[in-house]
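Here you go, one structure.
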Ligand code: ADP
């Protein structure tokens, strides 16, 4: 099949979270199944700088917010991709440095509605035909609110390819005003609760849900959770009404990029079927040294992620003083996000300089070293559509401590007595989202950490878990065929 992936970010060009990883690794997995998968992204400045062999395919004039934009379609090459990469080049909208969604002051780009409407219009045009090629997609697979209008625009074309819309995180819904709706020249009949209108404005995420032929989200548990008021962000009614049109397919991880046996970021590589404890310890010591923490036998905990409420950063900050008081554990945190969380964590690190290292920023290098060098990975997310970091930590033999939600519930098996005996345990799961429950789960983990044989067996179960894309890519394939 010919499949066009449309997204607003993709590793290795530009990535702010799990979406970027998925948009990179799922096309590769589908390609291995024999499909021709092509990716289209906005031509952000960083993307243009990281590709070569750019070819100009053609131009369209497409409506933006009360203006018409000259849209250039580029074809690019990158050795990390299986097939073609297309770029939608509108310099006034995308030729900007840094984050694709927010300004350096942390606020959304004020013209985001226009940026992603024009991008979506261009993707819909591509589905009709790409200048200079006779390639036509059978399926257009769109991701998150930034591409939510693609299925909507495509619904006006006959014939048209089928559309799949994947929700990676319901908390970001691309909600804009009626003024935006009018200025963007969207069809007036869409302004209705049945279509894109949503609580006084309109939502591009809702457009994807309503107009796509099928909607997926990134884990089976999250697919169920988002149909309830607790997790539904007010979309639960729309999502319930989708019935069989909504399903959950668990993300996989890229087994080449996240592979402790060949990871170039590590001091020493290792794998489950060879003696690995010494190599993991060498990574731990290198990480402790890099972080300026004292090396020793103390268990090392790690966290990587966006510093936002979703990730339960406040729970970590709240429980750390008690953890430091009652155990010898140390912790390394890598992330960036809300200023208040950044400040809180940095202040804690100043208070406990020998126990806590906080790195504010984004670092692929350090992320790999934390996954490998830590003993435990802490991920107390309040909700987690799928979560990739717990899967990376499993693969690196660093058992995760997680809240029982979304993809965390689907990938982590708690170290209960029975699961330990049956050798199915791969981490630690808690059920109440508060600092005490998190601390209790970490304490439980540390008590098993104190029993080396049991700990080693738990880590090996984690390392051997099937986490690649093969199974899930087959599920997407079956869906496309349907
Ligand atoms: P989300 O998509 O909600 O941010 P995921 O766990 O699904 O969370 O994916 C996060 C991805 O982003 C992972 O690949 C993770 O390693 C990466 N990541 C997040 N923050 C950082 C950071 N500060 N430095 C390096 N990588 C990061």
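Give the calculated FRET efficiency between residue 185 and residue 350 to the nearest 0.05, with a Förster radius of 51 Å applied to their Cβ-Cβ distance. Numbers along the way, then the final one.
Working: r = 53 Å, r/R0 = 1.03.
With a Förster radius of 51 Å, E is 0.45.
Express the relative contact order of the chain as a whole percentage, based on alpha carbon pairs under 8 Å and six or more residues apart in sequence. It would help to have the intermediate numbers written out before the result.
On the way: 967 pairs, mean separation 57.0, N = 482.
Relative contact order comes out at 12 percent.
Taking every pair of alpha-carbon atoms in the stretch 22-139, give the share separated by more than 22 Å as a whole percent. Show your work: numbers first, answer last.
Working: 2546 of 6903 pairs.
For the stretch 22-139, the fraction of Cα-Cα distances above 22 Å is 37 percent.
Moving to a separate point now. For the stretch 277-463, calculate the relative contact order in percent as a whole number, restricting contacts to Cα pairs under 8 Å that are 6 or more residues apart.
Details: 337 pairs, mean separation 39.5, N = 187.
So the answer I get is 21 percent.
Right, here's the next one. What is the stretch 76-231 by shape, rounded, prolate or oblate, if you read a ≥ b ≥ c off the alpha carbon gyration tensor as root eigenvalues and call it rounded for a/c under 1.5, prolate for a/b larger than b/c, and oblate otherwise?
Since a/c stays below 1.5, the shape of the stretch 76-231 is classed as rounded.
Taking the simple approach of a point 7 Å from Cα along Cα-to-Cβ for both residue 171 and residue 33, what is their distance in nm?
Going from the residue 171 label point to the residue 33 one covers 3.0 nm.
For the chain, what does -39500 (n - 2.57) per DSSP helix run (n ≥ 4), summed and divided by total residues, give at 222 nm, in deg cm²/dmol to the nearest 500? Before the final figure, lay out each step's value.
Working: 19 runs with 185 residues, N = 482.
After summing the helix terms and dividing by residue count, I get -11000 deg cm²/dmol.
When a/c reaches 1.5 or more, the comparison of a/b and b/c decides; with that in mind, is the chain rounded, prolate or oblate per its Cα gyration tensor?
prolate
Share of antiparallel DSSP beta bridges in the chain, in percent to the nearest 5? If you can, show how the numbers build up before the last one.
Working: 20 of 67 bridges.
Approximately 30 percent, going by the DSSP bridge assignments.
Could you tell me what % of all Cα pairs in the stretch 277-463 have separations over 29 Å? Display every interim value, and only then the final one.
Values: 1982 of 17391 pairs.
Within the stretch 277-463, distances greater than 29 Å cover 11 percent of Cα pairs.
Sorted by mean Cβ packing within 10 Å, highest first, what order do the peptides 435-442, 49-56, 147-154, 115-122 take?
On the way: 435-442: 20.0, 49-56: 12.1, 147-154: 27.5, 115-122: 26.0.
Ranked from most to least packed, the peptides come out as 147-154, 115-122, 435-442, 49-56.
By how many degrees, 0 to 90 and rounded to 10, does the Cα axis of helix 339-351 deviate from the longest principal axis of the chain?
Helix 339-351 and the main axis of the chain meet at about 20 degrees.
With N set to the residue count of the stretch 300-348, report its C-alpha Rg divided by 2.2 N^0.38 Å to two decimal places.
On the way: Rg = 10.5 Å, N = 49, 2.2 N^0.38 = 9.7 Å.
Scaled against compact globular proteins, the figure is 1.09.
Sticking with this structure for a sec: I'd like the orientation of helix 313-326 relative to the chain: the angle between its Cα long axis and the longest Cα principal axis, in ° from 0 to 90, rounded to 10.
Around 0 degrees separate the two axes.
Using 1/(1 + (r/R0)^6) with R0 = 35 angstrom and r between the beta carbons of residue 274 and residue 417, what's the FRET efficiency to the nearest 0.05?
Working: r = 29 Å, r/R0 = 0.83.
Efficiency for this residue pair is about 0.75.
With each pseudo-label sitting 7 Å past Cα toward Cβ, what's the residue 101-residue 50 distance in nm, one decimal?
Going from the residue 101 label point to the residue 50 one covers 1.7 nm.
What is the extension gain from residue 295 to residue 138, computed as 0.36 nm multiplied by their sequence separation minus the C-alpha to C-alpha distance, in nm to one decimal?
Working: separation 157, 0.36 × 157 = 56.52 nm, distance 5.54 nm.
Difference between extended and current length: 51.0 nm.
Moving on. Hey, what angle do you get for helix 452-464 against the long axis of the chain, alpha-carbon based, 0 to 90 degrees rounded to 10?
20 degrees
Quick one: if you stick a label point 7 Å off each Cα along the C-beta vector at residue 338 and residue 77, how many nm between them?
Taking the simple label geometry, residue 338 and residue 77 are separated by 4.6 nm.
I'd like the FRET efficiency for residue 256 and residue 2, computed as 1/(1 + (r/R0)^6) with the beta carbon distance as r and R0 of 30 Å, rounded to 0.05.
Numbers: r = 25 Å, r/R0 = 0.83.
It comes out at approximately 0.75.
Relative to 2.2 N^0.38 Å, what does the C-alpha radius of gyration of the stretch 127-175 come to as a ratio? Two decimals please.
Numbers: Rg = 12.3 Å, N = 49, 2.2 N^0.38 = 9.7 Å.
Scaled against compact globular proteins, the figure is 1.27.
Is the stretch 150-236 rounded, prolate or oblate when judged by the Cα gyration tensor, a ≥ b ≥ c being the square roots of its eigenvalues, rounded requiring a/c under 1.5 and prolate requiring a/b larger than b/c?
Working: a/c = 2.46, a/b = 1.26, b/c = 1.95.
The shape class here is oblate.
No lab work stands behind these numbers, since they all come straight from the coordinates. Note that the coordinates shown come from a computational prediction; the quantities given were computed from them, not determined experimentally. In this analysis, Cβ positions are derived from the backbone assuming ideal geometry, glycine residues included, and neighbour counts consider all displayed protein chains.
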